[in-house]
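The next block holds one structure in the form of structure tokens; read it before the comments.
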Amino acid sequence: MTEDSSSPDYDAVWSRTQTSDPTLQSGSFADQRARGLTEEYVCWVRIEDETVLDALSPVRTELGSIPGVSLDDEDTLHVTLKLVGFGPSESGNGSEKITPEELDTITRDLEAATADIDPFEVSIRRLNAFPSVVFAEPHADGQFRALHDRIRSLDGVPTFQYEGDDYVPHVSLAHFETTDGFERAYSWVRDNREIQVPDTTVSAFELASLPLTPYGAEDIDVLRRVEL
């Protein structure tokens with residue numbers, strides 16, 4: 001596929017990670033829980049194509065063999081479109097908190113906001129890394145960014161870091177728990193970046209409620225599934 005101007009610069013991501021310190025998984029959930037937050041609301045595209053999951057399985061096996069690396073659950077692999085917010089909060093009404101009324105409005109408006117986006121093809125051909133995670137690159141001619149922008153434009157949706165021009169679609173495969181794990185995983189990915197994964201078609205996305213703890217498929221509460 002030919003990437004357009006709204007597609008992310010994955011080469012720049014790779015270059016930045018080479019000179020970055022690792023961001024370890026251990027503190028991320030704790031920081032949010034310390035502010036009284038217990039769940040997050042996320043719009044995402046779940047990876048449900050078994051041929052894609054099968055093709056990623058050997059990569060996950062290699063990453064899972066590295067000490068200090070934590071694999072993401074195969075049943076929850078996804079591309080995040082937009083973090084919608086957090087809730088409930090016991091410590092006041094911070095800008096990142098979504099009230100039940102706001103969540104209902106956002107849930108209702110998702111379909112109309114994305115009605116002009118049709119099902120689209122996705123190609124995964126390479127691995128990459130942030131300082132926090134190894135991921136696969138989902139190339140889709142800017143369609144993930146288009147969905148991101150539509151959701152981001154809805155009334156009541158907060159703005160977070162790494163959105164807009166900084167939004168990078170990715171399929172997280174494994175997180176780093178130790179600095180040594182980061183270094184070993186980064187070295188392995190550097191030598192094995194090219195992967196063969198069948199193309200797939202995205203025809204729907206979900207708004208899901210997730211606990212602010214490590215979670216599995218059984219912990220996901222799908223609030224709305226939107227067909228494209």
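Just so it is clear, none of the values below were taken in a lab; they were calculated from the coordinates. Fair warning: this is a prediction, and the values are worked out from it, not measured in the lab. In this analysis, Cβ positions are derived from the backbone assuming ideal geometry, glycine residues included, and neighbour counts consider all displayed protein chains.
Points to keep in mind about this one:
- Here the Gaussian network model covers the chain, with springs between Cα atoms less than 10 Å apart; of 74, 218, 102, 218 fluctuates the most.
- Per-pair calculated FRET efficiency, R0 = 30 Å: residue 111 and residue 20 via Cβ, rounded to 0.05: 0.20
- Calculated mean residue ellipticity, 222 nm, the chain: -9000 deg cm²/dmol, from DSSP H runs (n ≥ 4) at -39500 (n - 2.57) each, averaged per residue and rounded to 500.
- Subtracting the Cα-Cα distance of residue 165 and residue 51 from 0.36 nm times their residue separation leaves 37.9 nm of extension gain.
- Residue among 75, 11, 118 with the largest mean-square fluctuation in a Gaussian network model of the chain, springs linking Cα atoms under 10 Å: 11
- Loop-resident trypsin sites (Lys or Arg not before Pro) (DSSP state other than H, G, I, E or B) in the range 123-228 with no more than 15 further Cβ atoms inside 10 Å of their Cβ: 193.
- Lys, Arg +1 and Asp, Glu -1 on Cβ, resulting dipole of the chain about Cα centre, debye, nearest 20: 500 debye
- Global size of the range 116-228: 15.9, 45 Å for Rg and Dmax (C-alpha atoms, Rg to one decimal, Dmax whole).
- Mean-position separation - Cα centroids, the range 36-55 and the range 162-228, in angstrom: 7 Å
- Rg and Dmax of the chain, based on Cα coordinates, read 17.2, 49 Å.
- Comparing 151, 124, 66 in a Gaussian network model of the chain (Cα springs below 10 Å), the most mobile by mean-square fluctuation is 66.
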